[in-house]
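The values are calculated or read from the model by the stated rules, or taken from the named source; none is laboratory data. Just so we're clear, the structure is a prediction, and the values are computed from it rather than from any experiment. In this analysis, Cβ positions are derived from the backbone assuming ideal geometry, glycine residues included, and neighbour counts consider all displayed protein chains. Accessible surface areas use protein heavy atoms only, side chains included; no ligands, DNA or RNA. Shrake-Rupley method; radii C 1.70, N 1.55, O 1.52, S 1.80 Å.
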Amino acid sequence: MLRVLRLAWLTSVRQPGRTSIGVLGVVAVGALLFDMLLLSRGLVLSFRDLLDRAGFDVRVLATDAAPFTGPRIVEADAVAAAIAALPQVEAVVPVSIREADIVSETAASQPPGRVQFIAADPQARPMWTLVDGRDLSAGAGANPPLVVNRTVADRLSLSPGSTLTLRGACGPDGSVLPPVAFAIVGVAGFPFDDAAAQTVAGRLSDIGRLCEGGMELGVDMLLVRSNQREGAGRAAAAIQALLPPLHVVTNEELVERFSRVQFSYFRQISFVLATVTLFFGFLLITVLLTASVNQRLGEIAALRAVGLSRTRVVAGVLCESVMMVGAGAILAVPVGLVLSVWLDDILRALPGIPSDVHFFVFEGRTLVAYTWLLGAASVGAALYPMRIVATLPIAATLRREVVG
Amino acid sequence: MTQPPIVEARHVSRVFPMAAAPVTALSDVSIRIEAGEYVAVVGPSGCGKSTLLHILGCVDVPTSGDVLVQDRNVGSLSDAERSRLRLREIGFVFQRFFLLPMLTAWENVELPQAEAGVARLDRRRRTAELLEYVGLASRAAHRPSELSGGEMQRVAIARALANRPRLLLADEPTGELDQRTGGHIITLLDRLHEDGTAVVVVTHDVAVAACAHRLLTMRDGQIVEGSS
Ligand SMILES: Nc1ncnc2c1ncn2[C@@H]1O[C@H](COP(=O)(O)OP(=O)(O)O)[C@@H](O)[C@H]1O
Ligand SMILES: [Mg+2]
């Protein structure tokens, strides 16, 4: 075996030009293939990570309409209490989202912006990540507390201790509601924000000040954290059994649904591109190996005449292929990683994409799939030249080499 | 008749099916090569000398007739078995040497031994002995591109002898060499024969033919003189 490898190695380095072209080709093909594999599941993984990061694994909605578009859950307090009482459930947080307009204090110079107002109970673990100041639970004296995201803070030059006045954009028929002054207590990052998003978070009870009706209109969603020993699946089942009309969905199911519908484009694109790429790599190696073998027919026939077995010379060709593809494949990984960072930046610059979403995400099985695909390609690419060697007529070839 | 012949062809014909008309390269050839014989095959170009050598050397099979190597019918052997037979019993020397260019002289000679599973130490001893035998001990580390034609052919002979074959087949071994270097090869073949290896050499070279103890003359795919 070692001898076969050594001979294949020497044969490869003997034709440095041909081998370099082959390896470079595989680097290009491999890098692209690697990226397509990262892309095929990247969004799903990234999305799952985002969902999990909020710290809740089950969502309860009034219907299966997309969150924040459908009807709300009424009597949320009672519902939340009932769910919280389940042994499979560790915590329940009612969440609502409303829109509100910034009431500018510096008058006309600032165009009035609109913010997303996330309302959630302060005692729960927040869905956002505090980067400055304190959280809602800290309280704020006279004015109700508010956490703002970096965009809002930067744009309005706000910091903990400042005041922000909002006017709810949630009145019936666009009627103008009274402004409410909030005390900024902290600055935080929100998982689903894109670069331009203006998001703030306040207490659930303060929705009542911002919007007419407030809590009586119900909440948009209940975020549930399952008891760790039970898991999301059982918690969801228990909630569904307790409250059949509600729509209960685990993160797992949400990711699954997204990957089946919305994210499937990326899977399809990456599948098509990966297939085409792999096919080109396959052709390149086949052509190079075939040319190399054809150049050496006399030598190969002589080796056969000297007594090397057919298996032995065929294995030599296979080794050459695997070496060429292997070398390219290894070099392609860092190239692919760099390329994926670059492509990721391009895609993430699309408007409306949450800043924390990534299109290219690495996981262990990417490497496994990559190795398998290129391994199969190296064997596939060697098939034709292997066949040439296997069926080589020794006597006729020797004769042709001398006469020709 | 105590020892079987090393190789025997019985009524062997070889026809190449060609588009225009089939070419009969050998027709009804019978020949026995006994152990230790020194045979030269001569005849005009295209009369079937190489074809006969290939069939005796088990790299080609006859269209009809039988080839026996030490009483074993080659026709009934698998490709792998024929490979082993060539590896251990038959040495081949070609007009164009066909050494592996990326291996040194030493490695070229070692290759068939490694293939035959000879232990490393024995291989080393045998290779050194062979390169000494062909007078190239000092060129062991050289690649074919660094050797002259005559030297390459001597390495090729050392390679052919690597596994101590009982039969050496050489197809115009001096065909690409000048007279003087060709002379070295002839001397080498002579010595080989003296050391007990049967030699069959196809040649146009009268000097080579003169050394042989038996001369086969071929014409139009048949042995017209010297068959026995
Ligand atoms: N593989 C082959 N295909 C077709 N014809 C062949 C082949 N090998 C040999 N021949 C024909 O058989 C005849 C004998 O060839 P060969 O044995 O090479 O002659 P020699 O070695 O005596 O010059 C020639 O006419 C040659 O054209
Ligand atoms: Mg010939």
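For the stretch B:61-91, the set of residues classified as of a type outside the set (A, V, I, L, M), facing another protein chain (nearest Cβ under 10 Å) and in contact (Cβ under 8 Å) with a residue 40 or more places away in the chain consists of B:Arg88, B:Glu89, B:Gly91, listed by residue number.
Based on what the data block shows, is B:Leu121 more than 16 Å from ligand 2 (Cβ to nearest atom), open to solvent by 20 Å² or more (accessible area, probe 1.4 Å) and more than 29 Å from B:Ile55 (Cβ to Cβ)? Taking the combined requirement at face value, the residue satisfies it. Whenever a residue of the stretch A:267-279 is of a type in the set (Ser, Thr, Tyr), it has no partner that is not in a helix (DSSP H, G or I) lying with C-beta atoms less than 9 angstrom away and at least six residues away or across chains.
Counting just the residues of the stretch A:363-404 that are among the basic types (Lys, Arg) and away from ligand 1 (no atom under 16 Å from the Cβ), which one comes out nearest to the other protein chains (Cβ to nearest Cβ)? Full working, then the answer.
Kept after step one, since they are among the basic types (Lys, Arg), are these residues of the stretch A:363-404: A:365, A:387, A:399-400.
From what is left, the residues that are away from ligand 1 (no atom under 16 Å from the Cβ) are A:365, A:387.
Numbers: A:Arg365: 39, A:Arg387: 15 Å.
Only one residue tops the list, namely A:Arg387.
Could you list, in sequence order, all residues of the stretch B:154-181 that are part of a helix (DSSP H, G or I) and either modelled with pLDDT of 95 or more or closer than 25 Å to A:Leu303 by Cβ (or both)? Listed by number, the residues that qualify are B:Arg154, B:Val155, B:Ala156, B:Ile157, B:Ala158, B:Arg159, B:Ala160, B:Thr181. So, in the stretch B:187-208, of the ones that are of a type in the set (S, T, N, Q) and crowded, with 20+ Cβ neighbours inside 10 Å, which residue ends up nearest to ligand 1 (Cβ to nearest atom)? The qualifying residue nearest to ligand 1 (Cβ to nearest atom) is B:Thr203.
Scanning the stretch B:147-159 for residues that are closer than 24 Å to B:Ser45 by Cβ and in contact with a helix residue (DSSP H, G or I) (Cβ under 7 Å, 6 or more places away or on another chain) yields a total of 5. Annotation note: Cβ proximity below 8 Å between a residue of the stretch A:70-87 that is basic (Lys, Arg) and a residue that is assigned to a helix (DSSP H, G or I) (sequence gap 6+ or interchain) occurs for A:Arg72/A:Leu217. Residues that are open to solvent by less than 50 Å² (accessible area, probe 1.4 Å), within 16 Å of ligand 1 (Cβ to nearest atom) and polar (S, T, N, Q) within the stretch B:40-93 comprise B:Ser50, B:Thr51, listed in sequence order. The residues on offer are A:Ile300, A:Ile285, and the sole one that is in a helix (DSSP H, G or I), open to solvent by less than 20 Å² (accessible area, probe 1.4 Å), away from chain B (no Cβ under 14 Å) and in contact with a helix residue (DSSP H, G or I) (Cβ under 8 Å, 6 or more places away or on another chain) is A:Ile285. Condition first: under 18 Å from the mean Cα position of the chain (by Cα) and not charged (D, E, K, R). Can you find one or more residues in the stretch B:12-23 that meet it? For the stretch B:12-23, residues under 18 Å from the mean Cα position of the chain (by Cα) and not charged (D, E, K, R): absent. Is it the case that A:Val338 is surrounded by fewer than 17 Cβ atoms within 10 Å (Cβ to Cβ), over 30 Å from B:His54 (Cα atoms), away from chain B (no Cβ under 14 Å) and under 31 Å from the mean Cα position of the chain (by Cα)? When the stated conditions are applied, A:Val338 passes them. Of the residues that make up the stretch A:331-349, is at least one in contact with a helix residue (DSSP H, G or I) (Cβ under 6 Å, 6 or more places away or on another chain) and within 15 Å of A:Ser12 (Cβ to Cβ)? Checking the stretch A:331-349: at least one residue is in contact with a helix residue (DSSP H, G or I) (Cβ under 6 Å, 6 or more places away or on another chain) and within 15 Å of A:Ser12 (Cβ to Cβ). If you check A:Leu318, A:Leu367, A:Leu350 for being crowded, with 16+ Cβ neighbours inside 10 Å and in the same structural domain as A:Ala8 (by TED's automatic domain parsing), only one passes: A:Leu318. Here A:Thr290 qualifies as open to solvent by less than 50 Å² (accessible area, probe 1.4 Å) and farther than 30 Å from A:Ala100 by Cα.
Under 30 Å from A:Ala54 (Cα atoms), assigned to a helix (DSSP H, G or I), open to solvent by less than 50 Å² (accessible area, probe 1.4 Å) and away from ligand 2 (no atom under 16 Å from the Cβ): is that true of A:Ser378 in this structure? So that I can check it myself, show each step before the final result.
Numbers: under 30 Å from A:Ala54 (Cα atoms): no; assigned to a helix (DSSP H, G or I): yes; open to solvent by less than 50 Å² (accessible area, probe 1.4 Å): yes; away from ligand 2 (no atom under 16 Å from the Cβ): yes.
Here the answer is no, as A:Ser378 does not meet what is asked.
Among the residues of the stretch A:42-58, those that are of a type outside the set (Asp, Glu) and surrounded by 22 or more Cβ atoms within 10 Å (Cβ to Cβ) comprise A:Gly42, A:Leu43, A:Phe47, A:Phe56, A:Val58.
If I go through the stretch A:80-102 residue by residue, how many of them are open to solvent by less than 20 Å² (accessible area, probe 1.4 Å) and not polar (S, T, N, Q)?
To start, the set of residues in the stretch A:80-102 that are open to solvent by less than 20 Å² (accessible area, probe 1.4 Å) comprises A:80, A:83, A:89, A:93-96, A:98, A:100, A:102.
The next check asks that each one be not polar (S, T, N, Q); those that pass are A:80, A:83, A:89, A:93-95, A:98, A:100, A:102.
The number of residues fulfilling the criteria is 9.
For the stretch A:145-248, which fully contained helices (runs of 4 or more DSSP H) count at least 1 residues that are within 23 Å of A:Val92 (Cβ to Cβ) and in contact with a helix residue (DSSP H, G or I) (Cβ under 8 Å, 6 or more places away or on another chain)?
Numbers: elements: A:150-155, A:207-210, A:232-242.
The helices (runs of 4 or more DSSP H) meeting that bar are A:207-210, A:232-242.
Would you call A:Ala76 modelled with pLDDT under 85 and surrounded by 17 or more Cβ atoms within 10 Å (Cβ to Cβ)?
On the way: modelled with pLDDT under 85: yes; surrounded by 17 or more Cβ atoms within 10 Å (Cβ to Cβ): yes.
It is true that A:Ala76 is modelled with pLDDT under 85 and surrounded by 17 or more Cβ atoms within 10 Å (Cβ to Cβ).
For the stretch B:31-65: of the residues being among the hydroxyl-bearing types (Ser, Thr, Tyr) and within 16 Å of ligand 2 (Cβ to nearest atom), which is farthest from B:Val7 (Cα to Cα)?
So the first thing to find is which residues in the stretch B:31-65 are among the hydroxyl-bearing types (Ser, Thr, Tyr), and the list is B:38, B:45, B:50-51, B:63-64.
Next, from what is left, pick out any that are within 16 Å of ligand 2 (Cβ to nearest atom): B:45, B:50-51.
Values: B:Ser45: 24, B:Ser50: 16, B:Thr51: 15 Å.
By that ranking, first place goes to B:Ser45.
Considering the stretch B:11-22, the residues that are away from every other protein chain (no Cβ under 14 Å) and not hydrophobic (A, V, I, L, M, F, W, C) include one that is farthest from ligand 2 (Cβ to nearest atom), namely B:His11. When the test is whether a residue is open to solvent by 40 Å² or more (accessible area, probe 1.4 Å), out of contact with any strand residue (DSSP E or B) (no Cβ under 9 Å at 6 or more places or on another chain) and within 13 Å of chain A (Cβ to nearest Cβ), B:Ser138 does not pass it. For the stretch B:23-34, taking the residues that are open to solvent by 40 Å² or more (accessible area, probe 1.4 Å) and either within 9 Å of ligand 1 (Cβ to nearest atom) or within 21 Å of B:Ile90 (Cα to Cα) (or both), the one that is nearest to the other protein chains (Cβ to nearest Cβ) is identified as B:Val23. For the stretch B:92-108, the candidate set comprises residues that are more than 8 Å from chain A (Cβ to nearest Cβ) and within 21 Å of B:Ile185 (Cβ to Cβ); within that set, the residue that is nearest to ligand 2 (Cβ to nearest atom) is B:Val93.
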